[in-house]
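What follows is a set of notes on a single structure, which appears directly below.
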Amino acid sequence: MGKPGGFLEFRRQDPGYRPVQERLQDYGAVELPPPMPLAREQAQRCMDCGIPFCHGHGCPLCNIIPEVNDLASRGRWRQALDLLLATNNFPEFTGRICPALCEAACVLGINDEPVTIRQIELAVIEHAFDKGWMRPRTPPRRLPFRMAVIGSGPAGLAVADTLNQAGCRVTVYDGDLRPGGILRYGIPDFKLEKWIIDRRIDLMREEGVEFEMQAAIGEDLSARFLQTRFQAICLAGGARQPRNIAVPGRGLDGIHFALDFLIQQNLRFAGDPIPEGPELHASGKNVIVIGGGDTGSDCLGTALRQGAASVTQLEIMPEPPAQRDPTTPWPLWPHMLRESSSHKEGGRRLWSVQTVGFSGKQGRLQMLHCVRTSGRPPELQTVPGSEFDLPADMVLLAMGFTGPIRNKLAEELHLAHDTRGNLLTDADCMTNAPGVFAAGDAALGASLVVRAIDNGRRCAAGILRRLESEKA
Ligand SMILES: Cc1cc2nc3c(=O)[nH]c(=O)nc-3n(C[C@H](O)[C@H](O)[C@H](O)COP(=O)(O)OP(=O)(O)OC[C@H]3O[C@@H](n4cnc5c(N)ncnc54)[C@H](O)[C@@H]3O)c2cc1C
Ligand code: SF4
């Protein structure tokens with residue numbers, strides 16, 4: 001422990017955010033970077049618990065948090081970096097956009113505010129980049145294995161990085177123009193600036209990973225083609241099949257899936273061509289976002305920056321309590337009201353509201369019809385006589401994802417799916433097709449970046465186990 005009793009001396013202090021009026025004028029990161037002296041001081045709040053719930057219960061990657069905090073609290077940044085990289089391939093992503101499950105499980109959180117674990121992680125990795133410590137690590141020896149990874153989101157990148165470091169030759173294929181998956185094309189720049197992804201991809205390229213972009217597997221290249229060239233294939237194509245809404249008026253012009261809207265803005269901001277079809281822009285429009293989660297709040301922040309006349313976010317569930325609900329005691333992930341940085345920028349949130357239809361004129365959306373609800377599933381009920389309408393020029397459907405998009409690739413390989421529609425895998429992350437593995441959202445269902453990285457690491461380990469056992 002860097003400073004016994006440090007938690008008594010220092011209060012939790014976050015670096016904070018840029019002022020709302022300033023940040024609404026641009027797409028730059030809203031959260032301020034952690035100054036090194038602050039990160040060091042905050043690391044001294046860590047109690048080096050005998051049973052560190054942050055590590056064992058909270059963090060899916062099992063980051064060795066107490067030891068990283070201890071080293072950070074002593075200013076031993078280089079050693080803290082080595083320890084962090086031992087379990088997390090990309091702390092510069094999780095340090096920015098992870099919901100920090102570790103902090104929800106931090107023992108200090110029982111009767112005080114938890115340690116700023118995510119910010120300390122970010123300080124460690126950014127200090128390393130600043131100091132030039134993040135140099136290409138070329139594997140000392142190459143194994144006789146060639147691997148193909150389909151998908152360059154956090155899961156695919158974690159598989160590729162781990163296999164490459166183990167000595168395999170890895171090629172990552174992706175249908176998009178640039179690598180990153182949802183990190184690049186879903187999550188807005190104001191949460192994750194894209195130079196951070198480019199910096200990592202440059203490093204991986206220098207370390208020997210090859211990227212073949214605009215190569216949609218199943219369309220541009222067949223799985224069979226890959227199977228003849230690679231010893232193993234990992235499918236990390238994500239889970240992007242959006243949940244739809246089946247109510248009258250769904251076909252009206254002006255109703256879009258949230259991810260399509262977010263992808264367009266990310267392409268526009270990068271100066272990349274926007275796919276053919278209607279341009280999705282919120283300027284001057286009354287925007288309704290259906291869905292109260294992260295994707296919905298990203299739509300809210302994007303629509304505000306685009307100059308929407310109004311933005312309303314609807315959630316079918318009741319408003320959660322302001323404090324941790326007793327049904328989710330520590331160290332569980334707390335059921336409680338969450339306010340993202342976008343919620344602090346404007347718009348309004350309506351709870352316990354169900355959309356029952358849309359209407360408009362000449363095929364164009366004008367109104368959203370809804371009704372109040374009471375209770376929560378499976379006892380969710382509509383409240384009789386509580387119907388009301390909201391003027392709407394644009395509706396964004398952000399109600400989650402139902403699994404991987406079924407495409408020719410899945411057909412060609414006769415892939416089995418689990419009951420939730422995700423790719424079925426065994427303990428080594430292998431699908432029912434021999435030599436074909438799956439990682440990330442494609443296997444887990446839509447989840448989090450930290451879980452995608454963790455699953456990517458497990459998948460890489462599974463691939464190596466299989467190949468080594470076949471060689472023996
Ligand atoms: C709007 C939004 C905001 C989010 N915000 C957060 C957040 O703040 N924090 C957090 O932890 N999580 C967040 N998430 C969840 C997180 O982004 C995902 O869980 C994570 O990106 C999943 O990683 P993945 O690599 O499995 O898939 P993806 O990131 O979806 O990447 C899949 C890649 O595979 C490619 N691909 C698919 N099929 C093929 C094919 N046939 N051929 C070639 N390439 C193919 C795609 O082009 C894509 O690049 C968010 C999700 C969304 C939608
Ligand atoms: S649970 Fe919190 S206080 Fe305890 S070791 Fe982890 S970060 Fe430190």
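Derivation of every value follows stated rules applied to the coordinates shown; laboratory data play no part. Being a predicted model, the structure only gives us computed values, none of them experimental. Glycine also receives a Cβ, built like all others from the backbone with ideal geometry; neighbour counts cover every protein chain displayed.
Grab the alpha carbons of segment 1-148, take their convex hull, and tell me the volume per residue in Å³.
Numbers: hull volume 22.8 nm³, N = 148.
Convex hull of Cα atoms, per residue: 154 Å³.
Under 18 Å Cα to Cα from residue 3, which aspartates and glutamates show up? Leave out anything in the same chain fewer than 8 places away.
Straight-distance partners of residue 3: 41, 48, 67, 70, 112, 113.
Over segment 1-95, what is the mean sequence separation of C-alpha contacts under 8 Å (at least six apart), divided by residue count, expressed as relative contact order in percent?
Rounded, it is 30 percent for segment 1-95.
Karplus couplings for segment 240-253 from phi (6.51 cos²θ - 1.76 cosθ + 1.60, θ = phi - 60°), rounded to Hz, Gly and Pro as x?
Residue by residue, segment 240-253 yields 10, 6, x, 6, 9, 10, 9, 9, x, x, 4, x, 5, 6 Hz.
To the nearest 20 Debye, how big is the dipole of the chain about its Cα centre, given +1 on the beta carbon of each Lys and Arg and -1 on that of each Asp and Glu? Before the final figure, lay out the partial values.
Values: 52 positive and 55 negative charges, 104 e Å.
The dipole magnitude comes to about 500 debye.
Using 0.36 nm per residue, how much length does the chain from residue 388 to residue 427 gain when fully extended, once their Cα-Cα distance is taken away? Walk me through the numbers before you get to the answer.
On the way: separation 39, 0.36 × 39 = 14.04 nm, distance 4.99 nm.
Length difference between fully extended and current span is 9.0 nm.
If a paramagnetic tag sat 7 Å from the Cα of residue 325 along the Cα-Cβ line, which residues of segment 380-400 would have the backbone N under 19 Å from that point?
Zone members listed by number: 380-383, 399-400.
I'm a student and want to see the number: the projected area of the Cα convex hull of segment 362-460, averaged over all directions, in nm².
Numbers: hull surface 42.0 nm².
Convex hull of Cα atoms, orientation-averaged projection: 10.5 nm².
Sort the following peptides by mean Cβ neighbour count (other Cβ atoms within 10 Å, averaged over residues), highest first: 379-390, 450-461, 163-174, 53-64. Present the calculation step by step, with values, prior to reporting the outcome.
Details: 379-390: 11.7, 450-461: 25.1, 163-174: 22.5, 53-64: 21.0.
Result, highest mean first: 450-461, 163-174, 53-64, 379-390.
Restricting to the chain, compute how many DSSP beta bridges are antiparallel as a %, nearest 5.
Details: 18 of 51 bridges.
Of all bridge pairs located within the chain, approximately 35 percent are antiparallel.
What does segment 248-356 give for Rg and for Dmax, in Å, if only its C-alpha atoms count?
Using the Cα atoms of segment 248-356, the pair Rg, Dmax is 15.9, 49 Å.
Apply the Kirkwood formula to segment 86-147: the hydrodynamic radius equals the inverse of the mean of 1/r over all pairs of different alpha-carbon atoms; give it in Å with one decimal. Before the final figure, lay out the partial values.
Working: mean 1/r = 0.0710 Å⁻¹.
Value: 14.1 Å, from the Cα pair sum.
What percentages make up the Cα-Cα pair-distance distribution of the chain when the bins are 20 Å wide from 0?
Percent of Cα pairs in each bin: 22, 55, 22, 1.
Can you list residues whose amide H is under 5 Å from residue 212's amide H, if they're 5+ apart or on another chain and H is modeled 1.01 Å from N?
It is 172, 173, 174, by chain and number.
Could you please report the charge total around residue 10, scoring K, R as +1 and D, E as -1 over all other residues with beta-carbon less than 10 angstrom from its beta-carbon?
Numbers: positive: 3, 11, 12, 45; negative: 9, 41.
Around residue 10, the surrounding residues sum to +2.
Scanning the chain for helices, which whole DSSP H stretches are 20 Å or more long along the axis (Cα) and average 0.0 or more by Kyte-Doolittle? Walk me through the intermediate numbers first.
Working: long enough: 117-131 (21 Å, 0.15); 449-471 (33 Å, -0.40).
Once both thresholds are applied, what remains is 117-131.
Show that you can apply the helix-only estimate: for the chain, add -39,500 (n - 2.57) for every DSSP H stretch of four or more residues, divide by all residues, and state [θ] at 222 nm to the nearest 500.
Details: 17 runs with 154 residues, N = 472.
Here the helix-only value at 222 nm equals -9000 deg cm²/dmol.
Work out, in µm²/s and without decimals, the Stokes-Einstein translational diffusion coefficient of segment 1-83 at 4 °C, 1.567 mPa s, Rh from Kirkwood over C-alpha pairs. Write down the numbers at each step before the final one.
On the way: Rh = 14.3 Å.
For the chosen part, D equals 91 µm²/s.
Along the Cα→Cβ direction, 7 angstrom out, place labels at residue 247 and residue 272. What is the inter-label distance in nm?
It is 3.3 nm.
Which pairs, out of 131/191; 285/408; 194/344; 131/194, put more than 30 Å between their alpha-carbon atoms?
From 131/191; 285/408; 194/344; 131/194, over 30 Å: 285/408.
Taking amide H positions as placed in the peptide plane 1.01 Å from N, state which residues far from residue 234 in sequence (5 or more) or on other chains have amide H under 5 Å from it.
So residue 234 has HN proximity to 148, 149, 150, 437.
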